[in-house]
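See structure below.
The values are calculated or read from the model by the stated rules, or taken from the named source; none is laboratory data. Given the structure is predicted, the values throughout are model-derived calculations rather than measurements. Because the Cβ atoms are built from the backbone with ideal geometry, glycine has one as well, and the counts that use them run over all protein chains shown. What goes into the accessible areas is simple: the full protein's heavy atoms, side chains included, and nothing from ligands, DNA or RNA. Shrake-Rupley method; radii C 1.70, N 1.55, O 1.52, S 1.80 Å.
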Amino acid sequence: MAGCCGGTQSDAGEEALLRILSARGARIADGGQGLLDKGFDMYIADPFDAEHNPQGILNFGTSENKLCFDLIKERLAKPDMNYLEPHLLQYSDTQGIKSFREEIARFLTEYAKAPAALDPEHIIVMNGCCAVFATLSTVLCDPGDGYLIPAPYYGGINSKTWLYGGMQPVHVPLFSEVPNEENQPFQLTIEKLETAYQRAKEQGIRVRALILINPHNPLGDIYPAQLLKECLEFAHRYKLHVIMDEIYMLSVYGDTTFTSILSLQSLPDPDRTHFMWGFSKDFGMCGIRVGVLYTRNCMIRKAINQLAGFHGCPGPVQHVLRQFLSDREWLNNVFFPTNKRRLKEAQNILVDGLSEIDIPVFKSSGGLYVWADFRKFLKSQTFEAEIDLWWKILDEKILISPGKAFYCYEPGWFRLVFSDSVDKIYLCIQRLQQMLHAEMSKSISNSSSPKENKHTDLDDVSTNYVSVDDVSEGYAHLKKIAVF
């Protein structure tokens, strides 16, 4: 087998290497790469560049907002950002610099529409939401405990809750097929939560938490306020912690009203309700690595602060982000309106382009991506066929994310990120069209009678998919709009 340093090792050599590690270290080392990691590594080795590598891989798989770098760069050039005092280079409170936490509290109170001012002492700042997930799972659960999570979901949560805390996911499967007109595709219900909880209990899994992502990743859906309240009541009934991931809280571009957990007048169990947010998505700063945890539970904060020393943020970075948050005039009149408009325009272009090549898209209102239905292009309705299609798309130098990486229970769904330049979106559609056309032609020539596929008939749920009529302009016209 391939060695970790690039060579090869015999089985005996592998055993010797593993003896160097603890049992926990060996288990972690044996975790392997996920699909998204493999795809991203291939992109890093061969990234598209219009001038230097025009045949490189287009990255529509990594959820990064690349639409507002011009605004961020301009704001970073302002004099108030050029500030350095000794205290920013010294050890600070492990929770985060007090003035930064105070600004975060004011910011979240306003933009999450909290009914009362948030307490900065309830805030812990860490180097990314990955650290928030890792530390929360460690202090809330014992190894082997489970957490409920609606599937599909962002698969990276698995490693972030397992590497430190040893938690295991308990899936709440969601499907595109609907039993009647009152239901929506991939709709979460309390009945589904109940079924998953009882199934885990029968299997001897102690469920300790419910994790919800809102706006949802990868669906781009937004939980209605009433459903949020019902989920909180459900968790309270079973004494479950609720970890609310609102990393895309301000990346909402549709007409649907977003309800933050912080905006609710009262919580059934405030000591078990925990909110997380960060700068990666809403501010397009994935590389800054700053995440925020808000929890009222003093014991949880005390425990997490013991781990926060491993996950601190540099003082100068905290200062810069504090300046971003405090500039309400710039946020309200420049950054957020422009970001919302550009997100919607980019989403329209990608959705309409996919419609042109006969790929339906699940309706979304938030996030940086769309959930697209490639089922008709699968050779069989299996995850093997889905991964085979994913590799073929990657061979055509397009990185998108297969549904299997999000633990979707139906093969053939893919997530495509749209928060990139217009030119790259057009090129992505062009490459996809050429590749899928070639595949369909090959399939037709190899089969005299097409196999029936019940999944390709979407008429019963057509109102929940985006069609050409749902976008403001036709694809041909969108090609003429000015580059951002």
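What to note about this one:
- Looking across the stretch 390-426 at every residue that is assigned to a helix (DSSP H, G or I) and without any contact (Cβ under 8 Å) to a residue 60 or more places away in the chain, the one that is farthest from VAL172 (Cα to Cα) is identified as ASP395.
- Filter pass, GLU246 being more than 29 Å from VAL361 (Cα to Cα), among the acidic types (Asp, Glu) and in contact (Cβ under 8 Å) with a residue 24 or more places away in the chain: no
- Residues satisfying the stated conditions in the stretch 225-261, i.e. under 28 Å from GLY284 (Cβ atoms) and touching an Asp or Glu at 6+ places or on another chain (Cβ under 8 Å): VAL242, ILE247, TYR248, MET249, LEU250, SER251, SER260, ILE261
- Just so you know, in the stretch 396-421 the residues that are of a type in the set (S, T, N, Q) and farther than 16 Å from PRO152 by Cα include one that is surrounded by the most Cβ atoms within 10 Å (Cβ to Cβ), and it is SER419.
- Exclusive hit being in contact (Cβ under 8 Å) with a residue 40 or more places away in the chain, over 30 Å from GLY403 (Cα atoms) and touching a Phe, Trp or Tyr at 6+ places or on another chain (Cβ under 6 Å), set LEU88, LEU108, LEU84, LEU71: LEU71
- Check on ILE393, farther than 22 Å from GLN184 by Cα, open to solvent by less than 10 Å² (accessible area, probe 1.4 Å) and either modelled with pLDDT under 95 or of a type in the set (A, V, I, L, M) (or both): yes
- Top-ranked residue of the stretch 355-382 - restricted to ones that are within 21 Å of the chain's Cα centre (by Cα) and hydrophobic (A, V, I, L, M, F, W, C), ranked as farthest from SER419 (Cα to Cα): PHE374
- Scanning the stretch 285-305 for residues that are open to solvent by 40 Å² or more (accessible area, probe 1.4 Å), modelled with pLDDT of 95 or more and outside any loop (DSSP other than H, G, I, E, B) turns up CYS298, MET299, LYS302.
- Meets criteria (modelled with pLDDT of 95 or more and touching a Lys or Arg at 6+ places or on another chain (Cβ under 8 Å)) for GLU439: no
A quick yes/no check of all residues on (1) of a type in the set (Lys, Arg); (2) crowded, with 22+ Cβ neighbours inside 10 Å; (3) over 18 Å from the mean Cα position of the chain (by Cα):
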| site | (1), (2), (3) |
| --- | --- |
| ASN127 | no, no, no |
| CYS130 | no, no, no |
| THR138 | no, no, yes |
| PRO143 | no, no, yes |
| TYR147 | no, yes, no |
| TYR153 | no, yes, no |
| ILE157 | no, yes, no |
| TRP162 | no, no, no |
| GLY165 | no, yes, yes |
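- The stretch 36-70, subset of a type in the set (A, V, I, L, M) and either open to solvent by 50 Å² or more (accessible area, probe 1.4 Å) or out of contact with any Gly (no Cβ under 8 Å at 6 or more places or on another chain) (or both), residue nearest to LYS344 (Cα to Cα): LEU58
- Of all residues in the stretch 313-347 being surrounded by fewer than 19 Cβ atoms within 10 Å (Cβ to Cβ) and not in a helix (DSSP H, G or I), the one that is modelled with the highest pLDDT: ASP327
- Residue check, SER380 of a type in the set (S, T, N, Q) and either open to solvent by less than 20 Å² (accessible area, probe 1.4 Å) or modelled with pLDDT under 95 (or both): no
- Complete set of residues in the stretch 143-168 that are among the charged types (D, E, K, R) and without any contact (Cβ under 8 Å) to a residue 60 or more places away in the chain: LYS160
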